[in-house]
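**Q** Structure below; questions to follow.
We did not get these values from a lab; they are worked out from the coordinates using the rules stated. What you are looking at is a predicted structure, and each value in this text was computed from that prediction instead of being measured. Neighbour counts run over all protein chains shown; Cβ positions are idealised from the backbone, glycine included.
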Amino acid sequence: MYAYLKGTLEEITEDNIVVEVGNIGYNVKVSTTTTEVLPGIGSEVKIYTYTLVREDTFSLYGFLTKDDLEIFKKLITVNGIGPKGGLAILSVMNADALRFAIMAGDAKSIAKAPGVGNKTAERVILDLRDKISLEDTLRGIDGSSENVNSTLTGGAGTDNVMKKEAIEALVALGYSASDATSAVKKVEVTEDTTVETILKAALKYMF
C-alpha cells in the first residue's frame, strides 16, 4: 500500500519509530539494527515500508533500504516466520550477513534471533536458498551494485570472488557466516590482495 514514508523522525523506541508525514504520525515497526543507525529525533528520514493488513490489525514495517525490505519480504514467505520473526532475524544480522548465512547453510547464526529455533532456521535456509542468488550475495559483501558480468570478468568482481572464498574459509574454520562476513567487509582490497591476505586480515577482526 505504502512504498515508503518520507518525513520527520519524531520518536524512537526499541522496536518502533514514529515518522510524521503531513502532520500525521505513523507508527512503524523496525528492527533493532535499524534503530541503531537512525539519525536523531527531528531529522528527515525515508523509510521503505511493508504493510500488513489483517482483520484485527494494520501495521507498517520499516526499513532504511530497499535491500532490507526485499530480504524481509522473502523471510516472511517461510512457514513459521511472520513479520515479527522476520524483524527478529534482521535484528541479529543485516541483509548481507543473512544472505551469506543462507548460502553457507549457517543455521546457527540465524537461530540466534529471539523466537527462532534451529528447525526454523534450517527451514529458512531450505526455503530461501534457491531465492538468494550468488550475485546478490557478492554484491552485498562488496556493498555495491556491480553488474553481474563483472563477477566473471575481473575488477571488482574478482574482489568479490576472493571475499566469498575468504568467508567460506572462515566458516569452515568454525566461525559463523555473520561474523565472517562482517570481518571480511572490513578488509581493504588492493591490486596485490589475495584470498590468503584477506583471510589473514579478517582473522585479526575475529578477536
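**Q** In terms of Cα to Cα distance under 17 Å, which lysines are near enough to Lys164, apart from those fewer than 8 places away along the same chain?
**A** Cross-link targets: Lys185, Lys186, Lys200.
**Q** Sticking with this structure for a sec: Would you compute, for the Cα atoms of the stretch 67-132, the largest minus smallest coordinate along each principal axis and list the three values in descending order, in whole Å?
**A** On the principal axes, the stretch 67-132 reaches 23, 21, 20 Å in Cα extent.
**Q** May I ask you to order 94-103, 72-81 by the average number of other C-beta atoms within 10 Å around their residues, highest value first?
**A** 94-103, 72-81
**Q** Among (i) 55, 37, 35; (ii) 50, 32, 30; (iii) 48, 39, 29, which one is Cα extents along the principal axes in Å computed from these coordinates?
**A** (i)
**Q** Could I ask something else about it? For every helix of n ≥ 4 consecutive DSSP H residues, a contribution of -39,500 (n - 2.57) applies; sum these over the chain, divide by its total residues, and give [θ] at 222 nm rounded to the nearest 500 deg cm²/dmol.
**A** -13500 deg cm²/dmol
**Q** What percent does the relative contact order of the stretch 67-132 come to when contacts are Cα pairs within less than 8 Å and at least six residues apart?
**A** For the stretch 67-132, the relative contact order is 34 percent.
**Q** Helix 66-75 versus the longest principal axis of the chain: what angle, 0 to 90°, nearest 10, using Cα atoms?
**A** Rounded to the nearest ten degrees, it is 90.
**Q** By a straight-distance test (C-alpha under 18 Å), which lysines pair with Lys46 as possible cross-link partners, with residues fewer than eight away in the same chain excluded?
**A** Lys6, Lys29, Lys66
**Q** Report the relative contact order of the chain, percent, no decimals, based on alpha-carbon pairs under 8 angstrom and at least 6 residues apart.
**A** Over the chain, the number comes to 13 percent.
**Q** Using the basic label-point model (7 angstrom from Cα toward the beta carbon), what is the Ala172 to Arg129 distance in nanometres?
**A** Taking the simple label geometry, Ala172 and Arg129 are separated by 1.8 nm.
**Q** Which of the lysines could be linked to Lys119 by a straight reach, that is with a Cα gap under 16 Å, when you skip same-chain ones fewer than 8 residues away?
**A** Lys108
**Q** Compute the angle between helix 118-128 and the longest alpha-carbon principal axis of the chain, please, reported from 0 to 90 degrees and rounded to the nearest 10.
**A** Relative to the chain, helix 118-128 is tipped by roughly 80 degrees.
**Q** For the chain, find the longest principal axis of its Cα atoms and tell me its angle to the long axis of helix 83-92, 0 to 90°, nearest 10.
**A** Computed tilt is about 40 degrees.
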